[in-house]
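Below is one structure, written out as structure tokens, with a few remarks after it.
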Amino acid sequence: MTKIEKIVLSYSGGLDTSIILKWLQETYGCEVVTFTADLGQGEELEPARAKAEMSGVKDIRIVDLREEFVRDFVFPMLRANALYEGQYLLGSSIARPLIAKHLVGIAREVGADAVAHGATGKGNDQIRFELAVNALDPSIRVIAPWRQWTIRSRMQLLEYAEKHRILVPSDKRGEAPFSIDANLLHTSTEGKILENPAEVAPDHVYQRTVDPIDAPDAPEIITIRFERGDPISVNGKAVTPAALLTKLNGLGGRHGVGRLDLVENRFIGMKSRGIYETPGGTILLAAHRGIESITLDRAAAHLKDEIMPRYAELIYNGFWFAPEREMLQALIDHSQAFVSGEVTLRLYKGSASVISRASPCSLYSADLVTFEESAIAFDHHDAEGFIRLNGLRLRSLAARNGR
Ligand code: ARG
């Protein structure tokens with residue numbers, strides 16, 4: 001093993017990465033640069049700086065990545081209507097390639113030969129970080145302390161913290177916190193009592209949405225405008241991608257939109273149970289499907305829906321920077337050329353329902369579909385022939401099978 005000279009650590013300032021910082025400094029005896037990304041996790045980032053300083057870190061990077069996150073990662077993914085296993089909006093999965101990209105960028109800038117992350121050996125996140133680093137710069141080594149050190153549980157982690165006098169954060173109730181991952185797209189909560197999927201999740205795991213039962217009795221009507229597949233304004237006000245998602249998170253959270261209690265299949269092999277809150281993302285998925293419903297051709301829409309699970313799985317499994325994801329992205333992006341217009345939704349006690357949609361590029365023709373007399377020439381005899389020919393093989397089969 002060649003000696004490592006400098007490491008860039010993905011650092012949140014939380015318990016795990018604080019311990020990792022200490023462990024890296026002791027184990028490798030080299031300079032550690034910390035990188036803290038602001039992804040809209042809603043946490044103060046200055047305490048992370050103070051903690052890194054106290055641990056003797058000289059090069060501390062805190063970067064606001066909110067706009068890049070939403071514009072270049074969340075929105076492209078949303079164009080696909082991506083859902084993993086039919087339900088998960090991929091809030092953690094989509095953030096990892098962005099963090100990895102910046103880890104690699106900083107490593108190159110400061111001449112570091114390795115990057116390090118705090119993802120555990122049982123999760124998906126280690127795979128996502130490392131596949132992204134592999135794809136972006138194979139010369140950079142990845143250090144995953146959770147797979148290397150002798151600490152094997154949260155209990156041992158707490159003992160290590162105590163021994164090295166590292167502050168252990170507790171939740172509002174004074175208990176050890178859940179494993180939480182938050183950003184502008186979602187909050188994901190795992191661990192502790194949630195590890196038993198037969199247990200109902202206690203109310204206090206929810207962080208950014210109210211219980212739909214307690215949501216306002218009056219529905220709220222909102223409009224979202226799309227331009228070529230991306231949302232550009234809410235209620236007539238044009239805003240940046242991050243501001244738009246922030247706005248929708250507030251609206252959705254207040255109406256209890258976007259809660260999900262899910263058992264999913266991790267790429268690494270096991271099933272896991274998590275609680276997800278994706279208020280803005282849930283509204284955007286409904287709205288995007290709403291605008292696509294009038295602007296996309298049927299075959300184009302159905303092809304998108306066919307490839308969607310594959311695309312979502314690639315993101316879940318960490319292949320954002322792989323050619324097959326980029327190929328599918330090109331197909332998806334191409335489909336969005338006419339996905340422009342406005343969608344109106346009703347937020348009400350946990351639901352975000354499309355109640356109207358309009359577009360200058362609409363393919364919808366009231367004149368064509370109407371039950372009333374139509375001006376457009378539609379020959380009903382064509383329908384008769386259409387059915388007769390489609391029924392041809394079914395009639396042959398029925399005759400042979402003696403039905
Ligand atoms: N299971 C989710 C995923 O793989 C979330 C992982 C991170 N969340 C956490 N609470 N540690 O995308």
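The values are calculated or read from the model by the stated rules, or taken from the named source; none is laboratory data. Just so it is clear, the structure is predicted and the values come from calculations on it, not from any experiment. Cβ atoms come from the backbone with ideal geometry, glycine included; neighbour counts cover every protein chain shown.
Side notes on the structure shown:
- Helices (runs of 4 or more DSSP H) enclosed by the stretch 290-403 - at least 3 residues per element that are touching a residue at least 40 places away in the same chain (Cβ under 8 Å): 298-317, 323-335
- When residues of the stretch 128-142 are limited to those that are outside any loop (DSSP other than H, G, I, E, B) and touching a helix residue (DSSP H, G or I) at 6+ places or on another chain (Cβ under 7 Å), the one nearest to the ligand (Cβ to nearest atom): 128
- Cross-chain or 6+ apart pairs with Cβ under 7 Å, the stretch 1-13 first and within 30 Å of residue 44 (Cα to Cα), then surrounded by 18 or more Cβ atoms within 10 Å (Cβ to Cβ) and of a type in the set (Lys, Arg): 13/51
- Test: residue in the stretch 143-164 that is within 12 Å of the ligand (Cβ to nearest atom), more than 30 Å from residue 107 (Cα to Cα) and not hydroxyl-bearing (Ser, Thr, Tyr): no
- Single residue of the stretch 172-220 satisfying the filter (over 22 Å from residue 281 (Cα atoms) and touching a strand residue (DSSP E or B) at 6+ places or on another chain (Cβ under 7 Å)) that is farthest from the ligand (Cβ to nearest atom): 197
- Hits in the stretch 147-156 (condition: outside any loop (DSSP other than H, G, I, E, B) and within 30 Å of the chain's Cα centre (by Cα)): 147, 148, 154, 155
- Qualifying residue in the stretch 277-299 (condition: within 16 Å of the ligand (Cβ to nearest atom) and either surrounded by fewer than 20 Cβ atoms within 10 Å (Cβ to Cβ) or on the phi > 0 side of the Ramachandran plot (or both)): no
- Scanning the stretch 84-119 for residues that are more than 16 Å from the ligand (Cβ to nearest atom) and not in a helix (DSSP H, G or I) yields a total of 6.
- Scanning the stretch 232-276 for residues that are within 16 Å of the ligand (Cβ to nearest atom) and either of a type in the set (A, V, I, L, M, F, W, C) or part of a helix (DSSP H, G or I) (or both) yields 260, 262, 263, 267, 268, 270, 275.
- Within the stretch 1-51, the residues that satisfy the criterion of being more than 24 Å from the chain's Cα centre (by Cα), under 22 Å from residue 150 (Cα atoms), hydrophobic (A, V, I, L, M, F, W, C) and not in a strand (DSSP E or B) are 1, 4, 19, 20, 21, 23, 24, 30.
- Checked against (1) farther than 28 Å from residue 272 by Cα; (2) more than 19 Å from the chain's Cα centre (by Cα); (3) not basic (Lys, Arg), residue 194 passes all but condition (1).
- Scanning the stretch 157-176 for residues that are surrounded by fewer than 17 Cβ atoms within 10 Å (Cβ to Cβ), at pLDDT 80 or above and part of a loop (DSSP other than H, G, I, E, B) returns 164, 165.
- Filtered by the rule that a residue be away from the ligand (no atom under 16 Å from the Cβ), part of a loop (DSSP other than H, G, I, E, B) and crowded, with 22+ Cβ neighbours inside 10 Å, the stretch 66-83 gives a lone residue, 80.
- The listed residues are 263, 234, and the only one of them that is touching a helix residue (DSSP H, G or I) at 6+ places or on another chain (Cβ under 8 Å), aliphatic (A, V, I, L, M) and on the phi < 0 side of the Ramachandran plot turns out to be 234.
- Applying a threshold of 9 Å to beta carbon distances and a minimum spacing of six or more residues, or different chains, the list of pairs starting in the stretch 273-286 at a residue that is of a type in the set (Asp, Glu) and ending at one that is surrounded by fewer than 24 Cβ atoms within 10 Å (Cβ to Cβ) and part of a helix (DSSP H, G or I) reads 277/253.
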